[in-house]
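Asks: One structure follows; several queries about it will come next.
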Amino acid sequence: MDTFPNYIDGAWVDSPDAIVNLDPSNLEVLGRYARADASAVGVAIAAARAAFPAWSTCPGEQRANILDAVGSRLLEQQQELGRLLSSEEGKTLKEGIGEVVRAGRIFKFFAGEALRPGGELLDSVRPGVRVEITREPAGVVGLLTPWNFPIAIPAWKIAPALAFGNCVVFKPAELVPGSAWMLAKLLHEAGIPRGVFNLLMGAGGEVGRAIVESPDVDAVSFTGSVGVGRGIALAAVGTGKRFQLEMGGKNPLVVLEDADLDLAVEVAVNGAFFSTGQRCTASSRLIVVEAVHDAFVERIIGRMAKLVTGPALAPDTDIGPVASAEQLGKNLEYLEIGRAEGAEVVGGNRPPLAQRGHYMKPALFLESSNEMRINREEVFGPLASVIRARDYDEALAIANDTPMGLSAGICTRSLARATHFKRHSQAGMVMVNLPTAGVDYHVPFGGRKASSHGPREQGSYARDFFTTVKTAYEAAG
Ligand code: NAD
């Protein structure tokens, strides 16, 4: 089997060691991908630095054309790329294709943004002086991404980085090199100049660390776990680079007594279990007021029983396999932790085809309290808890009682309650009668507290991280 090489300085570069890409639906080998080492990182960073002067000053239209072409190719190839993505990550084919389409639209959105970097012209407070505020690229940027959105998260970092004139050193998660490699191939085919974009597949502790610790990288944008993110923050401060961290969630969905209960159950099932619960915005804490608690629990258990857990590419699958053996092990461990803490577990068993892949049925913890570990620590699997609340006030307090603050939702028919929740939720994104997961690409994405650090991603707000502001004063004469 051939090895898919890394992409460094405009060339495809092999390495002695390889990453084996496994399909979590059947444990078959999808491909071998070159595993870069720290020396390859140095070559890629030097190439990016060399490419920066020309790329950062070329007309925005040149950058826009490349991004637009990549966007078109992603949309044209959505079926094949969606299959590859679902095969390596395990989400359903519908979700995989949807993610590729999203990536395509992100590239097209940022093709437009390349032509509107913006700026301001002001009078000075001093007579005869003019002040000009412009934006310039941040420089060489390191982009580090997790495994759960193998093409959308790379797209929402790479597209704005390139649009605003930065050069990129990109390290995808080791678990999903296939989608990242295809994205590099599309950039190459679209004519990205050599050195402007570099792909380095490899281990976080080696390749990721070398990127973060390099004094020649100006900025790092990271999405992943809180623990790794905090280490990156320390290393970035140590080398004086700007950094942006998007990390975990422990997202609450509040269900009030006036909610449309059928809608609330759909919103909860979608938010908690779709994409096998492997979304940073997943609804892991379902906070239900006493008055509708039992009815909600009965309906959601009935709905869970109808969910089909199966291979990612099978047409009737609702919930694909867990992405890796390691993540499956973690999920099963949390089932035991929840039980030991006194919660009652519904579901969570491994279906008969479990011998051939990393399958587990969605699990719901009942009679759980917000103090339990299962309600404080991110699990990142198809596991959710129901927490009883007396009334709205208590539900809001529980929703906010978490170290995380990415996304939060409420199901209610009351405009007053929805408005109050939007104002008082301590999350970066708030959903009313919608799943906590599922966001648009043209508006800011990000959280508060331990979930995020730095400027928002996506939409026009992405500019704040990928550009640096310059203020110029000029005697007007
Ligand atoms: P992870 O933190 O293990 O890894 C993320 C990336 O960082 C990977 O590419 C990894 O190889 C790299 N990395 C690991 N150690 C490193 C180091 N020492 N130096 C530099 N890079 C290093 O996360 P994961 O397991 O791939 O993804 C799951 C996590 O991602 C979950 O916690 C989830 O909540 C989070 N996530 C957050 C968002 C968000 O936007 N908030 C979105 C998706 C996923």
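The values are calculated or read from the model by the stated rules, or taken from the named source; none is laboratory data. Small disclaimer: the values here were computed from a predicted structure and weren't measured. Heads up, the Cβs are rebuilt from the backbone with ideal geometry, glycines too, and the neighbour counts pull from every protein chain shown.
Asks: Can you tell me which residues in the range 12-37 are more than 22 Å from residue 81 (Cα to Cα) and out of contact with any Gly (no Cβ under 9 Å at 6 or more places or on another chain)? Steps first, please.
Replies: Of the residues in the range 12-37, the ones more than 22 Å from residue 81 (Cα to Cα) are 13-17, 36-37.
Answer for the range 12-37, where residues must be more than 22 Å from residue 81 (Cα to Cα) and out of contact with any Gly (no Cβ under 9 Å at 6 or more places or on another chain): 13, 14, 16.
Asks: Does the range 319-337 contain at least one residue that is of a type in the set (S, T, N, Q), assigned to a loop (DSSP other than H, G, I, E, B) and within 27 Å of residue 389 (Cβ to Cβ)?
Replies: Among the residues of the range 319-337, not one is of a type in the set (S, T, N, Q), assigned to a loop (DSSP other than H, G, I, E, B) and within 27 Å of residue 389 (Cβ to Cβ), which makes the answer no.
Asks: Going through the range 455-469 one residue at a time, which ones are surrounded by fewer than 22 Cβ atoms within 10 Å (Cβ to Cβ), touching a strand residue (DSSP E or B) at 6+ places or on another chain (Cβ under 8 Å) and either part of a helix (DSSP H, G or I) or not assigned by TED's automatic domain parsing to the domain that holds residue 104 (or both)?
Replies: Scanning the range 455-469 gives 459, 463.
Asks: Does residue 162 meet the test of being touching a residue at least 12 places away in the same chain (Cβ under 8 Å), within 23 Å of residue 215 (Cα to Cα) and more than 10 Å from the ligand (Cβ to nearest atom)?
Replies: Judged against the criteria, residue 162 is a match.
Asks: Now a separate question. Any residue at all in the range 115-122 that's touching a strand residue (DSSP E or B) at 6+ places or on another chain (Cβ under 6 Å), under 30 Å from residue 175 (Cβ atoms) and away from the ligand (no atom under 16 Å from the Cβ)?
Replies: Scanning the range 115-122 turns up no residue that is touching a strand residue (DSSP E or B) at 6+ places or on another chain (Cβ under 6 Å), under 30 Å from residue 175 (Cβ atoms) and away from the ligand (no atom under 16 Å from the Cβ).
Asks: Something else about it: I'd like to know if the range 305-322 contains one or more residues that are within 16 Å of the ligand (Cβ to nearest atom), hydrophobic (A, V, I, L, M, F, W, C) and either touching a residue at least 12 places away in the same chain (Cβ under 8 Å) or more than 30 Å from residue 246 (Cα to Cα) (or both).
Replies: Yes, there is a match, as at least one residue in the range 305-322 is within 16 Å of the ligand (Cβ to nearest atom), hydrophobic (A, V, I, L, M, F, W, C) and either touching a residue at least 12 places away in the same chain (Cβ under 8 Å) or more than 30 Å from residue 246 (Cα to Cα) (or both).
Asks: Does the range 285-295 contain any residue that is buried (at least 24 other Cβ atoms within 10 Å of the Cβ), within 16 Å of the ligand (Cβ to nearest atom) and in the same structural domain as residue 384 (by TED's automatic domain parsing)?
Replies: Residues of the range 285-295 buried (at least 24 other Cβ atoms within 10 Å of the Cβ): 285-288.
Subsequent filtering for residues that are within 16 Å of the ligand (Cβ to nearest atom) retains 285.
Subset that is in the same structural domain as residue 384 (by TED's automatic domain parsing): 285.
Checking the range 285-295: at least one residue is buried (at least 24 other Cβ atoms within 10 Å of the Cβ), within 16 Å of the ligand (Cβ to nearest atom) and in the same structural domain as residue 384 (by TED's automatic domain parsing).
Asks: Within the range 224-258, can you find the residues that are touching a helix residue (DSSP H, G or I) at 6+ places or on another chain (Cβ under 7 Å), in contact (Cβ under 8 Å) with a residue 40 or more places away in the chain and small (Gly, Ala, Ser)?
Replies: Once the filter is applied, which keeps residues that are touching a helix residue (DSSP H, G or I) at 6+ places or on another chain (Cβ under 7 Å), in contact (Cβ under 8 Å) with a residue 40 or more places away in the chain and small (Gly, Ala, Ser), the range 224-258 yields only 248.
Asks: Looking at this structure, is residue 49 in the same structural domain as residue 164 (by TED's automatic domain parsing), basic (Lys, Arg) and under 22 Å from residue 462 (Cβ atoms)?
Replies: Spelling it out, it is not the case that residue 49 is in the same structural domain as residue 164 (by TED's automatic domain parsing), basic (Lys, Arg) and under 22 Å from residue 462 (Cβ atoms).
Asks: With the checklist (1) over 18 Å from the mean Cα position of the chain (by Cα); (2) in a helix (DSSP H, G or I); (3) not β-branched (Val, Ile, Thr) in hand, flag the one item residue 135 doesn't pass.
Replies: The one condition residue 135 does not meet is (2).
Asks: So which residues in the range 319-344 are crowded, with 18+ Cβ neighbours inside 10 Å and in contact with a strand residue (DSSP E or B) (Cβ under 9 Å, 6 or more places away or on another chain)?
Replies: Hits for the range 319-344 are 319, 320, 321, 324, 331, 334, 335, 338, 343.
Asks: So residue 398 ticks every box in (1) part of a strand (DSSP E or B); (2) surrounded by fewer than 22 Cβ atoms within 10 Å (Cβ to Cβ) but one. Which box is left unticked?
Replies: Just one mismatch for residue 398, condition (1).
Asks: Have a look at 404, 372, 360 and point out the one that is in the same structural domain as residue 343 (by TED's automatic domain parsing), more than 16 Å from the ligand (Cβ to nearest atom), within 28 Å of residue 175 (Cα to Cα) and in contact (Cβ under 8 Å) with a residue 24 or more places away in the chain.
Replies: The match here is 360.
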